Each structure stands twice: as C-alpha cells, then as structure tokens.
Amino acid sequence: MTRTRRRRLMLVGGLFVGLAAATALALTAFSENILYFYQPSEIVGGQAPTHTRFRIGGLVETGSVERNNDDLLVRFTLADCEASVPVQFRGTLPDLFREGQGIVAYGQLNESGQFVADEVLAKHDENYMSPDVAEAMKDASGTSCMPSNMQAQR
C-alpha cells in the first residue's frame, strides 16, 4: 500500500469514528430531553416512572382544589375517564386554571404516588383541550368521556 493511500484510509477512518461519536452524543442528549406523556390511568397502573420528569394530562376534578393561604402550595386531583392522580404544585397557577378543565402538568411522580408539578399549563379558551389529553382520554375508554363542549376540538 502506498503512503498516500494509507493516509487517505486513515483520514476516512478518522472521519467515520468522528461521525459515529457525534451521532452517539446527539442521540444521548436527545433521549435525556424527551418528556413522555402519561394519563392518570397509566400512572395508577404503574406504567409511569418515579423520579423522572414527564407530562400528565387530564381534567381537574370538581371539588378537589385545595389552596394553602400561607404560601403558593396548591393540591388538586387530575383525572381521566378511569382513574385520578393527586397533584401538588407550588407556584402561581395560570389565570385560566379551574375545576373541570383540561390541563397538562410537567413534573415528577414521588414514591407515594403523588405527582409533584413544577409547571402547569391550562387550556387557552373554553372549547380547547390539548390534543394529547383528548386522544389519551378517548383511547382510555374506547369512547370519549370528555365534556361535550370539548369533543369538537381534536
């Protein structure tokens, strides 16, 4: 093998090793930043991981919102058609947050089965529900159990 041919072969090999390393680093960073979506029935069924950040979506159960007057701690229950999960959030809730509406929360599940949210997103108008929440609620029961004013937005 000639000297120039060996040099080219080493250059091509080095490029492949560099490309493989860059791809591995990109895939690792991408997999660490994925936020999975779970519905309350999946969490109650044990399918959601503890101490891993993910999204949960559903309807805020009527009569479940408890506010602490001393600080910004709010507890409520998030439900789909089959199950409900207690949620704890410390902070300012969106202005549109209320009982009976669809929300998406970001946070972690603790050992006791309570979801500790660090961000809560509320729907933007009276007839909207997040497509993730609407699809999950429809899939959970085989039929839609959403309030009738939310079924049209899909």
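Computed quantities for the displayed model
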quantity	calculated
Probe 1.4 Å, all protein chains present, accessible-area order of Ser84, Ser31, largest first	Ser31, Ser84
Sites matching GluC sites (Glu not before Pro) across region 64-105 that sit in DSSP coil, with at most 15 neighbouring C-beta atoms within 10 Å	Glu82, Glu99
For region 78-119: span of alpha carbons on each principal axis (Å, largest first)	30, 26, 12
Only Lys, Arg (+1) and Asp, Glu (-1) charged, at Cβ; region 20-107 dipole about Cα centre in debye	200 debye
Solvent-accessible surface ranking, highest first, for Thr77, Thr4, Thr62 at 1.4 angstrom	Thr62, Thr4, Thr77
Most to least packed among 6-12, 40-46 [average Cβ atoms within 10 Å]	40-46, 6-12
Spin-label proximity, Glu135 to region 30-50 - amide N less than 15 Å from point 7 Å beyond Cα toward beta carbon	35-39
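The values are calculated or read from the model by the stated rules, or taken from the named source; none is laboratory data. Everything numeric here is computed off the predicted structure, so don't read it as measured data. Please note: Cβ atoms are built from the backbone with ideal geometry, for glycine as well, and neighbour counts cover all protein chains shown. Heads up: the accessible areas ignore ligands, DNA and RNA and are worked out on the full protein's heavy atoms, side chains in. Shrake-Rupley method; radii C 1.70, N 1.55, O 1.52, S 1.80 Å.
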